[in-house]
Amino acid sequence: MKDRWFVLVGLLYFALVLRIGAVEVGRGQLTERISGSAGDVLDDDPVGRLKVFVYELPSKYNKKILQKDPRCLTHMFAAEIYMHRFVLSSAVRTLNPEEADWFYTPVYTTCDLTPNGLPLPFKSPRMMRSAIQLISSNWPYWNRTEGADHFFIVPHDFGACFHYLEEKAIERGILRLLQRATLVQTFGQRNHVCLKDGSITIPPYAPPQKMQAHLIPPDTPRSIFVYFRGLFYDVGNDPEGGYYA
């Protein structure tokens, strides 16, 4: 199981850090294909022949949510969308669950947005419980391991604690049903209630077009080496009007 975990980490690295997959431009057209030497590795040897089975969930858990609000494609938590698209078209995907090493349940938990475009994760626990109830009732694989060979993308501020305020996230804790699953999240603070052993930390999503637009030549003189902004008060960025960082 540990070896399969390392291979899954490699898959996520290829998919997110090296920009494998497609990005949405214009009216829903998929343009970018796999690029770079990492793509060749996946084509020739799909990460050590890793096999991932993707549960076919009703669209209310993913695609219909995105259709309702396409802004989800460009915010920092969009990894859950692009990872879903990547795995669906990847060489690691298998349609035979009996040969799968990992099982992926694509639930878009950060696509419920405020008018200002901020994700509200309050419905996320209910969505997760519903999705797990669905897969455990219709397939035998969740019950076989209590989710130990399943992974979920939970890219919100405090992962599967599903709250943007730290004190409330700590109080809530990781959703109990996900305790044995592998969580892929952007939150990576060690020794924290919302980061359990075995979680995989990935970078937040940044639109490739925006990154390209801000590239500067490597030999450009820099007047500021590093900039850090810690806890700050930003009513406009917190739906409840409290502290936010």
Could you give me the residue pairs with C-beta distances under 9 Å whose first residue belongs to the stretch 182-210 and is on the phi > 0 side of the Ramachandran plot and of a type in the set (S, T, N, Q), whose second residue is modelled with pLDDT of 85 or more and surrounded by 18 or more Cβ atoms within 10 Å (Cβ to Cβ) wherever it lies, and which are 6+ apart or on separate chains?
none
List the helices (runs of 4 or more DSSP H) inside the stretch 7-124, counting only whole elements, that have at least 1 residues being at pLDDT below 55, of a type in the set (A, V, I, L, M, F, W, C) and out of contact with any Lys or Arg (no Cβ under 6 Å at 6 or more places or on another chain).
37-44
Do we have any residue at all in the stretch 120-134 that's open to solvent by less than 10 Å² (accessible area, probe 1.4 Å), small (Gly, Ala, Ser) and within 22 Å of PHE86 (Cα to Cα)?
yes
At pLDDT 85 or above and open to solvent by less than 100 Å² (accessible area, probe 1.4 Å): is that true of VAL235 in this structure?
no
Scan (1) surrounded by fewer than 14 Cβ atoms within 10 Å (Cβ to Cβ); (2) at pLDDT 90 or above for the single condition GLN189 breaks and write down its number.
(2)
Within the stretch 139-155, the count of residues that are within 18 Å of ASP197 (Cα to Cα) and either in contact (Cβ under 8 Å) with a residue 60 or more places away in the chain or open to solvent by less than 10 Å² (accessible area, probe 1.4 Å) (or both) comes to 9
Filter pass, ALA79 being open to solvent by 30 Å² or more (accessible area, probe 1.4 Å) and in contact with a Leu (Cβ under 7 Å, 6 or more places away or on another chain):
no
Residues (closer than 17 Å to GLU80 by Cβ, hydrophobic (A, V, I, L, M, F, W, C) and open to solvent by 10 Å² or more (accessible area, probe 1.4 Å)) located in the stretch 92-119:
LEU113, LEU118
Assuming PRO140 fulfils every condition listed in (1) touching a strand residue (DSSP E or B) at 6+ places or on another chain (Cβ under 8 Å); (2) closer than 25 Å to LYS51 by Cα apart from one, which condition is it?
(1)
So in the stretch 197-211, with the set limited to residues that are outside any loop (DSSP other than H, G, I, E, B) and not basic (Lys, Arg), which one is nearest to LEU183 (Cα to Cα)?
ILE200
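The values are calculated or read from the model by the stated rules, or taken from the named source; none is laboratory data. Keep in mind it's a predicted model, so treat the numbers as computed, not measured. Don't worry about glycine lacking a Cβ; one is built from the backbone with ideal geometry, like all the others, and counts go over all protein chains shown. Note: accessible area is taken over every heavy atom of the protein model, side chains too, but ligands, DNA and RNA are not part of it. Shrake-Rupley method; radii C 1.70, N 1.55, O 1.52, S 1.80 Å.
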